Structures are given as structure tokens and as C-alpha cells.
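Here's the structure we're looking at; comments come further down.
Quick note: the coordinates plus some simple rules give every number you see, no bench work behind them. All values reported here derive from a predicted model rather than from experimental measurement. Cβ atoms come from the backbone with ideal geometry, glycine included; neighbour counts cover every protein chain shown.
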Amino acid sequence: MSREQHPHAKSREWALQFLYQCEIEKLYFFSDVHFERFVSNFQVDGQHSVYLRQLVDGVYRKLTELNEQI
């Protein structure tokens, strides 16, 4: 049985990298400037960029709730 990578797997990986980078830079809100720089630096294509933005935006919208749970 072969295991193919899920189409969203790379976007999830980039989301973790982006969120970690923001944490290191103490950026606790979504920044279009930082996001676009990240997308450009990692050469994220349009399809992945849309899902990546949804993931990151979702984390920031729920950040207080997530911090309470962790």
C-alpha cells in the first residue's frame, strides 16, 4: 500500500513554520506584510497560499482559546 501525501500537507507544514517564525519575532497578530514576505521567500504557490492563509488566520482568531487549552 503506498501512502501519498495529502494535498494540504505542505500548507500545514508552512503554517507551522510561519507561526513559529511569528512567535520568535513576538508577532502575536496576523500581518499581511509578514505573510506575503513568507510566501515569497518560500515560493508558496497560489493554491497553497490560500489554504495557508486560512490556517494561520484561524489560529490567530482562536489564539486566546488555544493558549488556554495548551
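Can you compute the FRET efficiency between residue 63 and residue 43 using 1/(1 + (r/R0)^6), with r the Cβ-Cβ distance and R0 = 22 Å? Round to the nearest 0.05. Result of the calculation: an efficiency of 0.20.
For the pair residue 10 and residue 27, label points projected 7 Å from Cα toward Cβ lie 2.2 nm apart. By the helix-only formula, in which each DSSP H run with n ≥ 4 contributes -39500 (n - 2.57) and the sum is divided by residues, the chain has a 222 nm mean residue ellipticity of -22000 deg cm²/dmol.
Diagonalising the gyration tensor over the Cα atoms of the chain and scaling each eigenvalue by 5 before taking the square root yields semi-axes of 22, 17, 10 Å, largest first.
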